[in-house]
Structure formats: structure tokens, C-alpha cells
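Colleague: Sharing a structure here in C-alpha cells format.
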Amino acid sequence: MSLAGHAHGRRWQDDRMPLPLENYALVGDLHTGCLVGTDGSVDWLCFPRFDSASMFGALLGDRDHGRWLVAPVDAEATSTRRYLDDTFVLVTRWTTSTGVVEVTDLMPIGDRRADLVRRVTGVEGTVTLHEDLRIRFGYSTALPWVRQLPDGDDVALVATAGPDAVVVRGPHLTAADHTHAARFDVAAGETVDMTLTWYPSHREPPTPIDVDERLAQTTAWWQDWASRCEVTGAWSAEVRRSLLILRALTNEDTGGIVAAATTSLPEQLGGSRNWDYRYVWLRDASMTLQALILHGFAEEAEQWRGWLLRAIAGDPADVQIMYGLAGERLLLEREVAELPGYEGASPVRVGNAAFTQYQGDVFGEVMVALHEARLLGVAESEYSWPLQRALMQYVEDNWDRPDNGIWEIRGELQHFTHSRVMVWAALDRAVAGVEQFGLEGPVERWRRLRDEVRAEIEREGWDPTRGTYTQHYGSTEVDASLLQMAQVGFVAPDDPRMTGTVAAIEHDLLHDGLLLRYRTESGVDGLAGGENPFLTCSFWLVEQYARSGRLDDATALMDRLVGYANDVGMLSEEVEVATGRHVGNTPQALSHLALVRAADAISGAREASREAEPARASAS
């Protein structure tokens, strides 16, 4: 299903509407990111942070909700695109009846500014391009006051509304009906630069940047970071790009890792399961941390641990399952009526009420990640182990509470088996901290409680009739999150209890060969409508297959899953199997880190098979 190598038409549909999600590419600066479509339109941009209000919101409506289009006027023009090697500098090549041009999009890194650069370079002949700029601050609630101001020997456009302002430099723009447009020719060898810079409206407009210098420095930064990436084996290109995406979703100042760059992209086209993912989930960030440190990025592990220490400092009883990028705690959820939603999927939500939920599993994910960091040589700081001890005290006091679970159920609280397993994992890693690393802690008490939790899971979370672990106590349903039981060591991948659980998951949750998270028709989540297969869960199934001896099944499913990545290697949250369309927020950190884990599992299984071959040969 990959679009790699395909030429994209000038228009996929009505110019007023957003494109299919797989037709977008991320460009970012480690503070925020924009989505650039194959039609040359920037349809999503929030300055200065991922979780700021949008100024280009066409993704959740139409072009009148904000966009920046730069593309040939030729309606028959076609495009191909690629990132410069190991970067987020996007190069789109347009071929028209009169010539060829390239548009290079980047957000410069490291200069403490909020810039978006669009450079047009003539390759062959002469091409006429159209620029269409529609600035809509505050999730399209604020039309700006726009004026032209002298700018050296030229004129710059300045747009202001409330606290936000941008200065736009490039071809002269003409105003008409809340739109600013330009038409210009670019011949072979010529370059036309367009820059948009956000700044607080009470300040003076920032000075122009040197595009050549910022392009070179940004390219070098990304390539230097990627050069430290330890990747081998099959799917190394996909793993490398996934690690780059995980880095692009990480704030360079705070170390916070957003779950995705977007809000309210529906889990089912036309549906209402639309959530804001531009925040830092302890679970997602912990899993991302594991993926990064396993591939050589200990520095990022230390930075994330610093974020964690700051975010959850204080009373462990106040720990949340998610925070803002700098550790903000209040993430009030509201609906934005001014944005009609992606292809009409409403409501559009800003903020996320899940920050008030209790999800017992997050403590396990955090403790597992920090234990992995210790195993890879990341030393405990003066405060990091005391923080973990405080978390464990909270686990001891609250482990038997029903919760909302990993999928943030908005229905009745349950004793979710996965949550209990992750409580077990938290206790197990705390014990290991004492036993393996000589850290101080009430190890005997932790051991006893660990054994008690295990006994409860085996008693209450096991269905002897079906031979499977269950979604929650008292249920006969299964859940794809049960695949993590083997990942954290609660049960061996090839244990009959685990393989029986896998068989039940395959029977109940496989939809056209990909996994659903759970059966929404069971009513457990208290929400209307359904959803599509969740890519992370299918990657977890790949990992389970690889680690339980089903290497051919693992390889076949892995090949299929990476094929859903778009032409620049991005994956969303879910996929519509019948069409291959991306669904849900994008790019999705959880999808990409699960891809990394799955590839690692297959590589490990293949290596183990090779090492076992001499022994098998001598035995025969």
C-alpha cells in the first residue's frame, strides 16, 4: 500500500477540502510541526508549539480555515516528493507542461525562532506558480489585521490577531476576500524564497533569515542526529525513519514527547472518536524512551527522565497519566465549533479530559522504561530513584483500584487485566532495581505484593473455558493490549497461556488481517460508533509471533504493515483496510515505536535461529 515512487496529481479532490491523510508529510523544528500536502498546501500548523492554537487549520475543515498553498498553476502538474536524507527537509518536485521546479519546505532548527521556509528552485524550463495564503489564528476563530510594511528594500506582510503575529516575506501578495495571493514565474536556475515567521504580537517583527545558512544548518543537524542511530537488519530504512519521527515529536527544550502532531483526526471516517493527541502521555513517552535508548540515544533518555522528574514532582497522589509539553497539568477538553472536522468528522476537540483519569498501567510503563535505561548504562541521578520509590508507594496504595485502562475507556471503570499486569511489572522492576543495582527499597514488601498481584491475575483475569486471559475481570472479551504480557515478562511468549490468548485475539480481533484494539460493540468504552484496526496492536502481534517461533507469520505481517506507510515513511494511528487510507492522528508516535519494536523482535529471532543452527546440525 506504499505510495513510494508514485507521482501525485495536482488535485486529488475539491481544492476546498483536505487531502487523504497519507498525502501529508511532516516538517518540524522540535517545537512544533506542519503538515504539507502533495498538492503543495500547508494545511496544519500550530505556532509556536505543537499544542498551540492552529493558524492553518484546513486539515480540520477547508481552505478558508487557514492554509498556505505554493504550487504550479498548471492543473495537470504532477509531483513526487522526498526528504533530504535523514532529515525533515521536504523536497517536492513538480513537473508541468512548461518545465520542472522543486519546492523545499523546512522549519529551521536551533535558532530559537518560529520559521517556516518555502524555497522554489527552477530545474527545467519556466513554471508559473500560485501562492495562496489564508491566515486564521486561534483555531480559525480570529481573522488577523493584515498590513504591508517596509522591509529593507522590499515590503513584508504582517498579520496580527490578539497575542499572535506573523511576518511573511517573498513575492508581493495581493489581498482579496481575506486571502493573500501571488503569481510568479521561476525559470531554470532561479530561486524564490518565501518565509513565514511567528512572533508575539507585542514585539517587533523578527529580521529576515539567511535561507541558505538555515537550510544547511538544519540539514546538518538532522543528519548528525541520525548518524548516531544504531540500526541494522531488515526494515532498517523504516526503523530509521520511525526513530527520526519520534525525535521530531520530542521538544528540544523540555524533553516532552507528544503522542502525535494533530488533534481530532477521526478513528473512523465521519465518526466522533476524535481526540487531541498533542500532549505527553507517560505511557507513550516511556515506550518511546525504550525505543530510542535501544538504538543508541542515551542522551534523550536522560532528557526525558528530567522531564518526568519535573512533571510529576510533588505528592505521588497527584500523578497524572498525561501532561503538556512542559509538564502542564490542566488540559481541559473543549469543542471548537468553528472547525467542522476532517471530512466533517466532528466534534473537533482541544485539550483532553483523559488527564483526569486513573490508568494503573502507566506506572508499569514508566518503571519498565527506567529499568531499561539502567540496563543500558544510564546512571540514576540524585532524585530519579527517590522519585521511583515515591511512585511505588502510590502503586502499593492504589494497585487494586478499577481504572480506565490503556485505551482510556470513558465507560464504567474496570479491573483491566492489562493494567494489573503493568502493576506487576512496576513491582518487578522495583525489585530488580534493588537486586540487580543495589538501590535502596523495601524489597521484601515489593516481592510479596508482586506475588499477590500475579496470583490475582491468574485467578481473576484468566478464562479457563476459552484458555485465554481476558480484557478485564469478569469478562469473556479479549483485548490486544494483552499482547504486552509477554513483552514485560509476565508470561513467556511461547507459554501455552500466552499462545492461547493469542489464538483468542486472532479469532475475535483480526479484521481483514489487522488487529482491532477490542470489540467496540461490547460497549465497554461507553462511546458511540466504531474504529479501524489500530496499527500499534498489529505491530505487537508481529513481535509476539517473532518471539514465539512464528517467524514466517511475523515477517509476512510486518511486510504488510510497513506497506501502509506513506511515500515519506509516515504512519497514522489506524488504517482503513479496504482502502489503505490513514485514519486517526498523525504521525502517531505509538505506531512508529511499535514498528521499531517489531523489527527488533524479528531481527532478534533471526539471530537466535542462526546461533542455534550449529547445535541443531551437530545433534542430527
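Colleague: Which order do peptides 230-236, 307-313 fall in by mean Cβ count within 10 Å, highest first?
Modeller: For the peptides 230-236, 307-313, the packing ranking is 307-313, 230-236.
Colleague: For ASP494, what is the net charge nearby, where nearby means another residue's Cβ is under 11 Å from its Cβ and Lys, Arg count +1, Asp, Glu -1?
Modeller: +2
Colleague: How long is the gain from GLN223 to ASP553 if the chain were fully straight, where each residue apart is worth 0.36 nm and the alpha carbon distance is subtracted?
Modeller: Values: separation 330, 0.36 × 330 = 118.80 nm, distance 3.43 nm.
Stretched fully, the GLN223-ASP553 segment lengthens by 115.4 nm.
Colleague: So, one more: On a 0 to 90° scale, report how tilted helix 496-509 is relative to the longest principal axis of the chain, with both axes built from alpha carbons and the result rounded to the nearest 10.
Modeller: 40 degrees
Colleague: Also: What nm value, rounded to one decimal, do you get for the distance between ALA188 and GLU607 when each label is placed 7 Å out toward the C-beta?
Modeller: Inter-label distance under the simple model: 5.0 nm.
Colleague: What's the ranking of 329-338, 247-256, 110-119 by average number of surrounding C-beta atoms within 10 Å, highest first?
Modeller: Top to bottom by mean Cβ count within 10 Å: 247-256, 110-119, 329-338.
Colleague: Just to be sure I understand, if you calculate Kirkwood radius over Cα pairs in Å for this structure, which of (1) 25.4; (2) 31.9; (3) 26.3 do you get?
Modeller: Correct label, based on the coordinates given: (1).
Colleague: Which value in nm describes the separation of the simple spin-label points at TRP145 and ARG519, placed 7 Å from the Cα toward the beta carbon?
Modeller: 6.0 nm
Colleague: If you scale each eigenvalue of the Cα gyration tensor by 5 and take the root, what three semi-axes come out for the stretch 473-593, rounded to whole angstrom and sorted largest first?
Modeller: Numbers: eigenvalues 102, 76, 28 Å².
Each semi-axis is √(5λ); the values are 23, 19, 12 Å.
Colleague: Treat each spin label as a single point 7 Å out from the Cα along the C-beta direction, and report the HIS130 to ARG401 distance in nm.
Modeller: For the pair HIS130/ARG401, the computed spacing is 5.6 nm.
Colleague: Which part of the stretch 402-433 falls in the paramagnetic zone of GLU452, meaning amide N under 14 Å from the point 7 Å along Cα-to-beta-carbon?
Modeller: Of the residues in the stretch 402-433, 424, 427 have backbone N under 14 Å from the label point off GLU452.
Colleague: To the nearest 10 degrees, how steep is helix 298-311 against the longest Cα principal axis of the chain, on a 0 to 90 scale?
Modeller: 80 degrees
Colleague: What relative contact order, as a whole-number percentage, does the chain give when Cα pairs under 8 Å and 6 or more residues apart are counted?
Modeller: On the way: 1367 pairs, mean separation 79.2, N = 620.
The normalised contact order for the chain reaches 13 percent.
Colleague: Could you grab the relative contact order for the stretch 64-202? Cα pairs under 8 Å, six or more apart, rounded to a whole percent.
Modeller: It comes to 25 percent, rounded to a whole number.
Colleague: I'd like the orientation of helix 417-437 relative to the chain: the angle between its Cα long axis and the longest Cα principal axis, in ° from 0 to 90, rounded to 10.
Modeller: Its long axis makes an angle of about 80 degrees.
Colleague: Hey, another quick one. By how many nm would the segment from ASP154 to GLU328 lengthen if fully extended, with 0.36 nm per residue of separation less the alpha-carbon distance? Each step should come with its number before you reach the end.
Modeller: Values: separation 174, 0.36 × 174 = 62.64 nm, distance 4.14 nm.
Extra length available between ASP154 and GLU328 comes to 58.5 nm.
Colleague: Which loop-located GluC sites (Glu not before Pro) does the stretch 348-415 contain, where loop means any DSSP state but H, G, I, E or B and the Cβ has at most 14 other Cβ atoms within 10 Å?
Modeller: GLU382, GLU412
Colleague: For every other residue with a beta carbon closer than 13 angstrom to the beta carbon of ASP525, add +1 if it is Lys or Arg and -1 if Asp or Glu, then tell me the sum.
Modeller: Counting the neighbours of ASP525, the net charge comes to -3.
Colleague: When only Cα pairs under 8 Å and 6 or more residues apart are kept, what is the percent relative contact order across the stretch 181-300?
Modeller: Relative contact order comes out at 17 percent.
Colleague: What does the highest-first list of 73-80, 527-534 look like by mean Cβ count within 10 Å? Could you put the intermediate results ahead of the total?
Modeller: On the way: 73-80: 16.6, 527-534: 18.8.
Packing proxy ranking, top to bottom: 527-534, 73-80.
Here, each number is a calculation from the coordinates, and none is a lab measurement. All figures in this text were calculated on a predicted structure; none of them were measured in a lab. Cβ sites come from the backbone with ideal geometry, for glycine too, and all protein chains shown count toward neighbours.
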